[in-house]
Amino acid sequence: MEGTRNLFGLDRAGLEAAMTELDEPAYRARQMYVWLYRRRVRDLAAMTDLGKGLRARLESGFEVRWPEVAARDVSRDGTIKYLFQLDDGATIESVFIPEERRRTICISTQAGCPLKCAFCLTGIAGYKRNLKPWEILGQVATVMDEAPRAGVWGADSAPQLNERARDSLPRERKTKPWNVVVMGMGEPLLNYEATVHALRVLMDPDGFAVAPKKLTLSTVGILPALEKLMAEPVRPNLAISLHAPEPGLRRQLMPIEEKYRLEDVIAAAQRYPIPRGGRVTYEYVLLKGVNDSTTHARQLARRLRGSRAKVNLIPLNAASEIPFEAPTVEAVDAFAGILAAAHVTVSVRRPRGQDILAACGQLHLRDAPGGASGSRASAQ
Ligand code: SAH
């Protein structure tokens, strides 16, 4: 609505300021915060404990708005890719990934990405702008809100029940824990303020209540921002996009290597405060004949051996615009075997949602909904 201000996205301080403007006591801000983020209610009229008078005043000047879903693509494996159309026409994508024991939301922090990593479609498509906190949080709210109704989660109505009622449900109907990964479009540490603002609300027990250990931020390692993140009181898990065992090769794949060098990024990441026994994840996209040889694996093992590291190998998700090929199964196995033999913890990421181009590195800008392939359910 013209002239109305969106309450969604404001943090505690922002809501307190809004309440002060309305001559309301500060505790109203906390009530509002819980409605917005823990209960995720968008109808101001439904915020019953705010009192009729305040609700009426809120409705005349404010709104609660999430970004608009322009399209949803549903994969054979239950993965759902969301395309959001923002107010200025920019589009971003988020992915819902159902798994055996958990469900994961992959969110974007920028429309496009300025980093231009050679194997990533988002980078190839270019950069538009940073997202605002409400646009980042709105992705999570939308996916969480729709997950139970999406079919993949069965006929589960658990999220609508209160906690006690939910606990009394049979095990299989209980809500699976949510994981949030900041691994969608964009470089989160190039949009530091908005990203950290959103992460605080996500991790807040009065907010989305996502446990910090269930939240992971992935970055190429923007060093000044990484140092700032380390000093935050509550922090997500850290994943570093490495993709090469040495600077020369990394520079060819990731132009950012010119600015923030592999040695320095690893040294900083190893200082990242994590709970005892925790590890920093190093993501390594395997590209056939480029960085997937046994020599590369040995180099990587030498670099990470003995540190609090785990390596996540990601076989390239190929696309016609990407000038690389996926590695062979044998190359992936051999690479993982060498790391494991050197006592470096290693896992191989299973691609999800490949048939709808929802897999890692496949998110990219589209000007208008309807332009991409895949089975498309239009927005309701
Ligand atoms: N800018 C941040 C966050 C984006 S997530 C970062 O780079 O970490 C980016 C991740 O997507 C990369 O680590 C990589 O794991 C993955 N990725 C990008 N392109 C890919 C592709 N074509 N195939 C598989 N994974 C890809």
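Every number here is computed from the coordinates shown, using simple stated rules; none is lab data. Note that the coordinates shown come from a computational prediction; the quantities given were computed from them, not determined experimentally. When we count neighbours, we look across all protein chains shown, and the Cβ atoms used for this are built from the backbone with ideal geometry, even at glycine.
What to note about this one:
- The angle between the Cα long axis of helix 133-146 and the main principal axis of the chain comes to about 80°, on a 0 to 90 degree scale.
- Selection from V196, N179, L229 lying farthest towards where the dipole of region 173-264 points positive, charges on Cβ: N179
- Using the Cβ-Cβ distance between R305 and R38 with R0 = 51 Å, the FRET efficiency computed as 1/(1 + (r/R0)^6) comes to roughly 0.75.
- Estimated distance in nm for a label pair at N6 and A45, the labels positioned 7 Å out from Cα along Cα-to-Cβ: 2.3 nm
- Theoretical FRET efficiency, 1/(1+(r/R0)^6), r = Cβ-Cβ of D88 and T20, R0 22 Å, to 0.05: 0.15
- Distance between the modelled labels on R261 and E246, one decimal in nanometres: 1.5 nm (7 Å Cα→Cβ projection).
- Once the C-beta distance of K288 and R76 is scaled by a Förster radius of 41 Å, the resulting FRET efficiency is 0.95 to the nearest 0.05.
- Rg and Dmax, both from the Cα atoms of region 5-63 and both in Å, are 10.0, 25.
- Too-long pairs where the Cα-Cα distance tops 20 Å, listed order kept, from K176/K214; K132/K176; K214/K310; K176/K213: K132/K176
- Residue-count net charge about I338 - beta-carbon cut-off 14 Å; Lys, Arg +1, Asp, Glu -1: +1
- Of the peptides 125-138, 258-271, the ranking by mean beta-carbon count within 10 Å, highest at the top, reads 125-138, 258-271.
- Student exercise, region 68-371 dipole from Lys, Arg, Asp, Glu Cβ charges, in Debye to nearest 20: 1040 debye
- Computed [θ] at 222 nm, deg cm²/dmol, the chain (DSSP H ≥ 4; -39,500 (n - 2.57); rounded to nearest 500): -8000 deg cm²/dmol
- Label-to-label distance, R271 versus R30, with points set 7 angstrom from Cα along the beta-carbon direction: 3.7 nm.
- Local net charge near L199, Cβ-Cβ under 9 Å (Lys/Arg +1, Asp/Glu -1): +1
- Note: relative contact order over region 68-371, using C-alpha pairs below 8 Å and six or more positions apart, is 20 percent.
- Angle of helix 52-61 to the longest C-alpha principal axis of the chain, folded into 0 to 90 degrees and rounded to 10: 60°.
- The chain: C-alpha gyration tensor shape, a/c 1.5 cut-off, then a/b vs b/c: prolate
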